[in-house]
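The values are calculated or read from the model by the stated rules, or taken from the named source; none is laboratory data. Only a predicted model underlies this, so the values are computations on that prediction, with no experimental measurement involved. Note that we place each Cβ from the backbone using ideal geometry, even for glycine, and neighbour counts take in every protein chain shown. Ligands, DNA and RNA are excluded from the accessible area calculation, which covers all protein heavy atoms including side chains. Shrake-Rupley method; radii C 1.70, N 1.55, O 1.52, S 1.80 Å.
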Amino acid sequence: MNITRISRRSALTASAIAVAVSALVPVSAMAAEAPAAPAAASAAAKDATPSELLASTPWKTTGAVDQDGNRVALDNPAVSNFVGWAYFDADGTYTMYNLDDSPKMNGDWTVTPDGSERWINAKDANGNVLFERTVPIVQLDKNVFTYRVFPNADDRTVYYDIVHTKTNHAEPGTDGSGPGANGAQGGNGEYHFNNGNAR
């Protein structure tokens, strides 16, 4: 049997390396086997579907822009019918009011899963459908909801983007307990937040 002499320093160094390697391997293996569910769950909690975004807050019409990027007054007949307060409920129903809180219309709504279009119908007091409308969505996030309307369905070169921003305006005729009723809107200042109680 051949015995090779090694220095005490070499033996200690080799032992230290072996201990370090053995300590790292279980940690690495555990990290690789750790479930990714908590990270995915927290990411899912942050990501809302387009429908959830639309139903998350009351909306107030705060602007309109034409196809050339020019601001259009909200009392302009081309856009005035789209102005008001909007309350989209998670159950797929909605109610809209004029800015003086008078009733405007109510019915059903949906948003495509990719957030590209919103469909609504309007119903009379008996639940009969008066009309249906599908509009392209230009922007939909937690602070802004903008859709596009075409005065002439056959001419896609002329349009108006109707801009809504989240508001703390309580739905008229309710106890004021809906989303945003107490002004808890959050946000980071990168959007125009309107105080719904100031007209």
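Any residue at all in region 179-190 that's under 27 Å from residue 67 (Cβ atoms), at pLDDT 95 or above and among the charged types (D, E, K, R)?
no
Could you please give the count of residues in region 126-159 that are out of contact with any Lys or Arg (no Cβ under 8 Å at 6 or more places or on another chain), without any contact (Cβ under 8 Å) to a residue 40 or more places away in the chain and closer than 13 Å to residue 79 by Cβ?
Residues meeting the conditions: 2.
Among strands (runs of 3 or more DSSP E) lying entirely in region 64-163, which contain 3 or more residues that are open to solvent by 30 Å² or more (accessible area, probe 1.4 Å)?
103-111, 117-123, 129-140
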